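Have a look at the structure below, then the notes.
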Amino acid sequence: MNAENKRMPSKKVHKIARDLALQNGERYHVACILYRQKKPIYIGTNSKKTHPMCLRITKDGSCVACLHAEMSALRFAQEGDTIEVLRFLKCGSVTMAKPCRYCSGLIAQKKLKKVKYTNWEGVWEVAHPDDFIFC
Ligand SMILES: [Zn+2]
């Protein structure tokens with residue numbers, strides 16, 4: 001097992017991402033960390049488990065944007081940036097966080113350098129952005 005395959009969260013930024021994701025008030029707790037030149041610059045979390053780009057009309061008639069964590073972070077992404085996507089269970093352990101087809105399309109558009117996400121065992125999977133096909 002190499003350094004990339006440690007069970008998360010190990011780094012301080014992963015612990016911050018876990019805390020943010022677990023506080024989102026939703027059933028699913030996903031965080032996406034955006035890195036520029038190896039420095040974390042933004043942590044996005046999901047706002048709802050739903051279609052990644054929909055708006056939800058609440059009972060009082062207001063609209064709430066429902067973003068996946070990747071969509072939230074990719075708003076600030078530039079070419080050459082890197083993202084890490086993690087999904088946390090309530091107990092804090094990590095599980096599958098592979099980007100959905102909609103987020104994958106945006107990942108492809110943003111020309112990121114590297115995409116990492118956790119698998120079912122809570123271990124990093126690394127994907128080159130070219131692996132993501134625009135949908
Ligand atoms: Zn998504």
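The values are calculated or read from the model by the stated rules, or taken from the named source; none is laboratory data. Computed from a prediction, not measured in an experiment: that's the story for all the values here. Virtual Cβ from ideal backbone geometry, glycine too; neighbours counted across all protein chains shown.
Numerical summary
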| item | result |
| --- | --- |
| Scope region 98-123; condition buried (at least 20 other Cβ atoms within 10 Å of the Cβ) and away from the ligand (no atom under 16 Å from the Cβ); matching residues | Gly122 |
| Residues being away from the ligand (no atom under 11 Å from the Cβ) and in a loop (DSSP other than H, G, I, E, B) - total across region 66-97 | 13 |
| Residue in region 56-74 that is modelled with pLDDT under 95, surrounded by fewer than 21 Cβ atoms within 10 Å (Cβ to Cβ) and closer than 20 Å to His128 by Cβ present | no |
| Residues satisfying the stated conditions in region 22-32, i.e. out of contact with any Lys or Arg (no Cβ under 9 Å at 6 or more places or on another chain) and in contact (Cβ under 8 Å) with a residue 40 or more places away in the chain | Cys32 |
